[in-house]
Amino acid sequence: MESTRVAILALLLLLAFGSSTEENPEFWRSQARRTLQSALDRKLNTNVAKNILFFLGDGMGITTYTAARILKGQLQNQTGEETVMTMDTFPNVGLAKTYSVDFQIADSAATATAYLCGVKTNLNTVGVSAAARNGVCKTQKGNEVTSILKWAKDAGKSVGIVTTTRVQHATPATSYAHSASRKWYSDADMPDSAKKEGCTDIASQLIKNTDIDVIIGGGRKYMTPKGTKDPEYPRDYSSRGKRKDGRNLINEWQSLKTGKVAHYVWNKTDFDAVDPETTDYLMALFEPGDLRFEAERDPSMDPSIVETTEKAIRILQKNPKGFFLLVEGGRIDQGHHAGRAFMALHETVAFDYAIAKGLELTEEHETLTVVMADHSHPFTFNGYPFRGQSILGKSPLWATDMLPYTTLMYGNGPGHKITNGKRPDIRNVNTKSKDYVQLSAVPTESATHSGEDVAVLARGPMAHLFQGVHEQNYVAHAMGYAACVGADVRHCQGQTAPPAVHATFTDHKNGNRGGFIDMSFTSLYYTTL
């Protein structure tokens, strides 16, 4: 039965593609020649970046990237594999090593501190060096590190955050906060000892630390006093305000913007009414917590990531000195944690459309656009599916237990479903459903992250700096260099190298004392005296 089904599928594919131009070697040769010529004609853009557009796909590992490319094409009634994502058009590609100081496989807080602040740190900590310890407030003091968002603001640029998670979540939080725990969203999430030692919650730092021009995402409940009814879900107790200190940070934010045109909105109608040309500040919080998955979003209540990205850019680009904008496709990661490939991939497709909108609204000669992931997931693409087969479907080949399996699976996660030593029979299961949970090899409540390198793609001024394999913290320094923000402004000043920082040290390996360390961004080495 199975061999007959495979034969029928193969015949159908042969009929569909038998006359395809892809069978002609000249199709591939001419395609390669065009690509080669494009590479040969490419000129280095060594301009100073007026703007930085930084797109972060949370959990968007290489497998996710590839599978989303196929899905994007299949949603357009194509076979999918040959689809060109917006990300695919970026001419400069590198890899980033994602481990944290204390773990082989990192989380979104440690990775965000690396690529936004330029310093690797420990798991679960935000905007602090590795000298800080997870959850220990007193180790936070004196170990704070600033992000490229602050570097850009200090240089006179406008700055913004767009995310599909709560704005206090690890990735956006790292751009403005310093916290020994990524989980200290509001003061209600903090232990009394941390508050007594002087640490403050992430939500309160959002309105205090850096003057952020545009803030878009979710997270209303962390901004209002405990018990405050949510405007959208007044009867839902879990959506009500959480703050124990009685502060209404939304009202405080509005008071801080007196004399400026500052809008706070929580629904799409009010969001659409915001005129970017006359708006100085915008805070848009569309959900009590994270935003809804794109596949479940109510378009009458919540704008898409494409719409929020466009609004942010139109507000920020009025500044003649330029802008820095962080756009996070944050729920890619959450779809993967739930073992729901449908959700993760649809989030990635939406993210790619947001990137296209960003490129449409900016000029390549003055805007450095960087796209990357913070980490990956134990997500696999396997089983010899036929060309054009649904990326969310099943392999035409069955396993040795004589049962089918999906082409997308997880190494661990909630999809582990072994009963009496057998996998479930999914012959009559719709694996293309948004609610389907892919099978996993190991049972865990939530799929973990994985530790392989992630892609970094760049275009615009100094985009060639992102080629090669680098530590993840290099990304912040390269972006800062391109835009002349932060400590290294040689690109604007015509310098050739920063002065070396001399230090005495002991070479324990070789038993030598003395030497110097060159702490420039371009090298790190020592010479024994």
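One table, with the values for the structure above:
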{"item": "Part-to-part distance (alpha-carbon centres) for the stretch 375-410 and the stretch 347-361, which is given in Å", "result": "27 Å"}
{"item": "Degrees separating the helix 305-316 axis from the principal Cα axis of the chain, which is the longest one", "result": "30 degrees"}
{"item": "Unpaired by the 4.7 Å Cβ criterion, cysteines found in the chain", "result": "Cys117"}
{"item": "Tilt relative to the chain, helix 2-17 - C-alpha long axis, 0 to 90 degrees, to 10", "result": "80 degrees"}
{"item": "For the stretch 205-222, 3J(HN,Hα) per residue [Karplus equation, 6.51 cos²θ - 1.76 cosθ + 1.60, θ = phi - 60°, Hz, x = Gly/Pro]", "result": "6, 4, 9, 10, 6, 10, 7, 8, 6, 10, 10, 9, x, x, x, 4, 5, 7"}
{"item": "Cα gyration tensor category, rounded, prolate or oblate, for the stretch 150-197 with a/c compared to 1.5", "result": "oblate"}
{"item": "Cut-off under 5 Å, modelled amide H: who pairs with Thr165 long-range", "result": "Gly218, Leu291, Gly330"}
{"item": "Cα-projected label distance for Thr269 with Phe103, points at 7 Å along beta-carbon direction, nm", "result": "4.3 nm"}
{"item": "In sequence order, calculated HN-Hα J values of the stretch 47-59 (Karplus, 6.51, -1.76, 1.60; Hz; x Gly/Pro)", "result": "5, 7, 6, 6, 10, 10, 9, 10, 9, 10, x, 5, x"}
{"item": "Cα centroid of the stretch 431-471 to Cα centroid of the stretch 220-292, whole Å", "result": "31 Å"}
{"item": "Magnitude of the charge dipole, the stretch 326-411, Cβ model with Lys/Arg +1 and Asp/Glu -1, debye to 20", "result": "600 debye"}
{"item": "Difference of contour (0.36 nm per residue) and Cα-Cα distance, Met301 to Phe27", "result": "94.0 nm"}
{"item": "Carbon and sulfur %, accessible surface of the chain computed with the full protein complex present, 1.4 Å", "result": "54 percent"}
{"item": "Pairs from Lys260/Lys318; Lys141/Lys260; Lys196/Lys244; Lys244/Lys268 whose Cα-Cα separation, in the structure shown, is over 26 Å", "result": "Lys141/Lys260; Lys244/Lys268"}
{"item": "Dipole magnitude of the chain about its Cα centre (Cβ charges: Lys, Arg +1; Asp, Glu -1), debye to nearest 20", "result": "800 debye"}
{"item": "Accessible area of the chain divided out per residue, in Å², using a probe of 1.4 angstrom", "result": "44 Å²"}
{"item": "Label point 7 Å beyond Cα of Asp41 along Cβ direction - residues of the stretch 361-405 with amide nitrogen under 18 Å", "result": "364-365"}
{"item": "Of Val93, Gln140, Asn45, farthest towards positive along the dipole that unit charges on Lys, Arg, Asp, Glu beta carbons give the chain", "result": "Gln140"}
{"item": "Length released on extending from Asp211 to Ser390, taking residue separation times 0.36 nm less the Cα-Cα span", "result": "59.8 nm"}
{"item": "Size of charge dipole - the stretch 394-443 - debye, nearest 20, with Cβ of Lys, Arg +1 and Asp, Glu -1, no other charges", "result": "100 debye"}
{"item": "Additional length obtainable on full extension of the chain from Asn430 to Gln493, 0.36 nm per residue less Cα span", "result": "16.7 nm"}
{"item": "C-alpha long axis of helix 25-41 to longest principal axis of the chain, angle in °", "result": "10 degrees"}
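The values are calculated or read from the model by the stated rules, or taken from the named source; none is laboratory data. Small disclaimer: the values here were computed from a predicted structure and weren't measured. Cβ sites come from the backbone with ideal geometry, for glycine too, and all protein chains shown count toward neighbours. These area figures cover heavy atoms from the full protein model, side chains too; ligands, DNA and RNA do not enter into them. Shrake-Rupley method; radii C 1.70, N 1.55, O 1.52, S 1.80 Å.
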